[in-house]
Amino acid sequence: MPRGKKSSEEIVGEVIESAKKATKKAGEKAEVAAKEAAKRADTVTSEAKKAVAKATKKPLKEEIYFQYAGKEINKDAVIKQIKEIWTKELNNKVGEIATITVYLKPEENKAYYVINGEVSGSVDL
């Protein structure tokens, strides 16, 4: 064989060796990419768990009592009375209430209300 020329076996061997190196590099890059994807998935999973925990928290239950001159008035009881007037006396539905504003006047033993900015009245405390 003339000098500087390679045999077909040598060329095939070099091609095979080059393919092995390329395959090894591709495998290493794929492994790095897989690790990065796993890290991202862990982060997303962690954030999703936090979001679910936040969304499933129980709502805060609020109770308000007004005490005056030996009486105790519960906010929920006053609102219940107002809703009963709205539904039973005024023939409306509770779902139609957008706002209720209540003014307590203990010296008159009354709670004055305004529903949806239009309907007003009072209930005894």
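Annotations for the structure displayed:
- Candidates ILE16, ILE73, ILE97: whichever shows maximal mean-square fluctuation once the chain is modelled as a Gaussian network with Cα springs under 10 Å: ILE16
- For segment 108-125, the Karplus equation 6.51 cos²θ - 1.76 cosθ + 1.60, evaluated at θ = phi - 60°, returns couplings of 9, 6, 9, 10, 9, 9, 9, 9, 6, x, 10, 8, 10, x, 8, 10, 6, 8 Hz by residue, with Gly and Pro reported as x.
- Pairs beyond 26 Å (Cα-Cα), from LYS83/LYS110; LYS54/LYS80; LYS25/LYS50: LYS54/LYS80; LYS25/LYS50
- Theoretical gain in end-to-end length, GLU36 to ASN74 [0.36 nm per residue, Cα-Cα removed]: 8.0 nm
- Remark: the chain carries 84 Å² of accessible area per residue (probe radius 1.4 Å; ligands, DNA and RNA excluded).
- Loop-resident sites, segment 1-105, for trypsin sites (Lys or Arg not before Pro), counting at most 14 other Cβ within 10 Å (DSSP): ARG3, LYS5, LYS6, LYS57, LYS61, LYS93
- Other-chain or far-sequence residues with amide H under 5 Å of LYS110's (modelled H): LYS105, LEU125
- For VAL119, residues with placed amide H under 5 Å, excluding near neighbours: none
- Candidate cross-link partners of LYS35 among the aspartates and glutamates, defined by an alpha-carbon separation under 19 Å and a same-chain spacing of 8 or more, comprise GLU47.
- Taking the 1.4 Å solvent-accessible surface of segment 1-123 as the whole, the part contributed by carbon and sulfur is 55%.
- Each of ALA19 and ASN91 was given a label point 7 Å from its Cα along the Cα-to-Cβ line. The distance between the two points is 9.0 nm.
- Cα long-axis angle, helix 8-55 against the chain (0 to 90 degrees, to the nearest 10): 10 degrees
- Segment 15-110 - Debye-derived log10 I(q)/I(0), Cα point model, q = 0.12, 0.13, 0.25 Å⁻¹: -0.70, -0.76, -1.22
The values are calculated or read from the model by the stated rules, or taken from the named source; none is laboratory data. For clarity, every value in this text was computed on a predicted model and none was experimentally measured. Using ideal geometry, Cβ is built from the backbone for each residue, glycine included, and neighbour counts are taken over all protein chains shown. Please note that ligands, DNA and RNA were not included when accessible areas were found on the heavy atoms of the full protein model with its side chains. Shrake-Rupley method; radii C 1.70, N 1.55, O 1.52, S 1.80 Å.
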